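The values are calculated or read from the model by the stated rules, or taken from the named source; none is laboratory data. None of the values given here were measured: they were computed from a predicted structure. Backbone-built Cβ (ideal geometry, glycine too); neighbour counts: all protein chains shown. Each accessible area value is taken on the protein alone, full model and side chains, heavy atoms only, with ligands, DNA and RNA left out. Shrake-Rupley method; radii C 1.70, N 1.55, O 1.52, S 1.80 Å.
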Amino acid sequence: MKKSGMSRKLWTQITQVRTIGLLSLGIAAATIALEHWEFFNLIEWQVRDQWVRSHTSNEVEKDIVIVTIDEPDLQEIGVWPIPDQILAKLLRTISAQNPSVIGMGIFRDLPVEPRHQELLEVYETTPNLIGIERSFSSSRVDPPPVLKDKSQVGFVGFPVDSDKKIRRAFLYAVEEHGTTKFSFGFKLAWEHLFKKYGIEPELLSEDRGDVGLGKGRFIPLNRDIAGSDTRGFQFLINWWGTTNSYMQVSMRDVLANRTEPELFSNCIVIIGSVAPSLQDFHITPYPEQLSGAIVYANTVSHLLHGALEGRSSLKVFKLQVQWTWIIVWTVIGTAGSWMIAQRQVTGNELSLILPAPFLALGILIGLSYIAWPMGYVIPTAAPGFALIIGVVLATNSYQRHSLKILNEAYERFVPGQFLGFLDRNSIVEVGLGDQVEREMTVLFSDIRDFTTISEQMTPAENFAFINEYLSRMEPLIKKHSGFIDKYIGDAIMALFSESADAAVQGSLAMLNELEIYNQTRRDRGLKPLRIGIGLHTGLLMLGTVGGLDRMDSTAIGDSVNLSSRVEGLTKNYGVSLLITHKTLSRLNNPLDYDMRFIEQVRAKGKAKAVALFEVFSADPSDLREAKRMTKVNFEQGVLYYYQQAFETASCCFQDCLDAHSGDRAAQSYLKRCQEHILD
């Protein structure tokens, strides 16, 4: 029955939607897998670094002053570490201006004479002094004991990404024995906010661990963002700026009282090294390396502006939202390019194909750029990849889809696939000698004992019988994207160009249809048929042969000959479907089929052997189940057979027959083993 125009159109639309859906699903799944394996990290980080540089504040931070220790300071002191006497004087000088908090960003776990006692007195009398320690590292450095006893210590160190850049910071971390330690930057911000504004941190979410600080809400990064380094409470730094974004004064100027009288008043003061010889520099999103003091100043700025102004912390998508975002842009790429490709038939919209993907990619990047100052980190690398791959694959898929529709009109005379392979749009364009080399899966099938069957029928009955049988098989081959190259009496030679799976599935469909056909023959009192099918995948020549007045399409090559031989071997083993290892290697998922290794044969004139596998998915259920259960025994038996361990092999094949006496391949091997044992 022919389909109506409306139903054909509806079916075409359903097919298109299904194609786009499956294509989108595959691309999205692959992209999500690559994202899980951190394939896009470097690209994503580079994009984020660019947004950091683009949105850097031009203002100088008013609440933070950095006291630098530079090379002239070291030359003037003449020694490193700074003696306790000088450090004590520096702290007293800064403290005299009544800063809100002093961050001593240099390690001080051991005395550096002279006047160590004087420095201890400064520690004791400066309640707003915060020292540092290195706790979560193999090179641990303890804080000054006095400051530790007074809980005036913050730990230093940053999580570092695989490209050695700092983009994250700690709020706090928990040691192995359960002690919670706060980071240096968090301690400075906390002390300043509490002293000046009465603001203290509070836990907003027990399960997720969100921390509230004034107007700010800080959300810890999960493993999907932080990668393998999941220590403590981590957050993405919303960078304020580089060296020029902070007020700085050298240590020598402070000691000599060459600073403004109220420079440190009510400010956060961070003491840190900027001397290249001390090597306290870090790679960040900015082009130049920043000193540790500047990096910590950025961390403090992030916390301060979040608490006081509600400046958005950088929020990243949850894992499920990331997946959805990838899927959305995959569909935009596949469905959008498919629709544009459909409009090419007018010829006017062809120019849309190239700029459209770049326009969509520009929109994606633009959204990420706009969302950054609002505190949202929108991924671009993975969805951009899915978009581009979707455009490429969907456009290619549509072209193949259009070619199939165009050639449907010729399929009653010449298979549409044949015209496509020869790059011809019409049958009139095909010429003698046209040919192309392609990899295809070749199918040969044959009716067992056809000669005996045909001898019992008249010529008219023979033709009716053959046509009845072939009319059942041909639609199944076509349905599975194959086409029939030729009929050879009762035999069929068919080619599958799209996939080996289509050939295997088509073959199984033929065997299932044969069982239905056999039931009708039994109802008419006729003997049921058995067929053998052989499949091989490889290169072949597809073209035209003949003379000027009469030519035919055909396929030639070793792959054709080998497929024919494989079909012939089905008789030897009493199996219905054999495939070669070449076909097996082209299957998308071989585990979708029931199969077992049968034999290794050497093609005539070829040095390499060919492995053969029986696909028994279409066998009767009891036989199929028995073959599944005895698959290991059978394949071990084949191995023992080729190792000439015939008695051991016989036991394996006998076990297979004990499971089901109808296993003809096991019967064949058992017989051969017994013959070898007798010899």
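Given +1 on the Cβ of Lys and Arg, -1 on the Cβ of Asp and Glu, and no further charges, what dipole in debye does the stretch 50-171 carry about its Cα centre, rounded to the nearest 20? List each step's numbers first, then the result.
On the way: 14 positive and 18 negative charges, 99 e Å.
Using only the charged Cβ atoms, the result is roughly 480 debye.
Using the Cα centre as the reference, give the magnitude of the dipole from point charges on the C-beta atoms of the chain (Lys, Arg: +1; Asp, Glu: -1; all else neutral), rounded to the nearest 20 debye. Before the final figure, lay out the partial values.
Details: 67 positive and 77 negative charges, 351 e Å.
It works out to roughly 1680 debye.
Aspartates and glutamates near K164 by alpha-carbon distance under 14 Å, same-chain residues fewer than 8 away left out - which ones?
Cα-Cα hits under 14 Å: D49, D229, E288.
For the chain, rounded, prolate or oblate, judged on the Cα gyration tensor with a ≥ b ≥ c (square roots of eigenvalues), a/c < 1.5 rounded, else prolate if a/b > b/c?
prolate
Tell me the per residue accessible area of the stretch 127-185 using a 1.4 Å probe; a whole number in Å² is fine.
Working: 2590 Å² over 59 residues.
Ligands and nucleic acids excluded, the figure is 44 Å² per residue.
If I model a spin label at E118 and L591 as a point 7 Å from the Cα along the Cα→Cβ vector, what separation in nanometres do I get?
7.5
Quick one: of K181/K318; K165/K318; K187/K315, which pairs are farther than 25 Å apart, Cα to Cα?
Working: K181/K318 27 Å; K165/K318 23 Å; K187/K315 22 Å.
As for pairs spanning more than 25 Å Cα to Cα, those are K181/K318.
Output the pairs from K571/K627; K150/K196; K582/K627; K89/K150; K527/K582 with a Cα-Cα distance over 29 Å in this structure; if there are none, say none. Display every interim value, and only then the final one.
On the way: K571/K627 18 Å; K150/K196 21 Å; K582/K627 23 Å; K89/K150 21 Å; K527/K582 35 Å.
Flagged as over cut-off: K527/K582.
Excluding the sites themselves, what is the longest stretch of the chain that contains no GluC sites (Glu not before Pro) in a DSSP loop with at most 16 other C-beta atoms within 10 Å?
Working: sites that count: E38, E59, E175, E176, E206, E262, E288, E349, E411, E498.
That gives 499-679 as the longest site-free run.
So which aspartates and glutamates can K148 reach, going by Cα to Cα under 18 Å and dropping same-chain residues fewer than 8 places off?
D84, D109, E118, E121, E124, E133, E175, E191
Starting from the stretch 156-242, pick out the trypsin sites (Lys or Arg not before Pro) whose DSSP state is loop and whose Cβ has at most 15 other Cβ atoms within 10 Å. Before the final figure, lay out each step's value.
On the way: sites: K164, K165, R167, R168, K181, K187, K195, K196, R208, K215, R217, R223, R231; in loops: K164, R167, R208, K215, R231.
Here the sparse-neighbourhood loop sites are K164, R208, K215, R231.
Would you work out what percent of the accessible area of the chain, with all protein chains in place, is carbon or sulfur (probe 1.4 Å)? Let's see the in-between values first.
Details: 18760 of 33970 Å².
Within the chain, the accessible surface is 55 percent carbon and sulfur.
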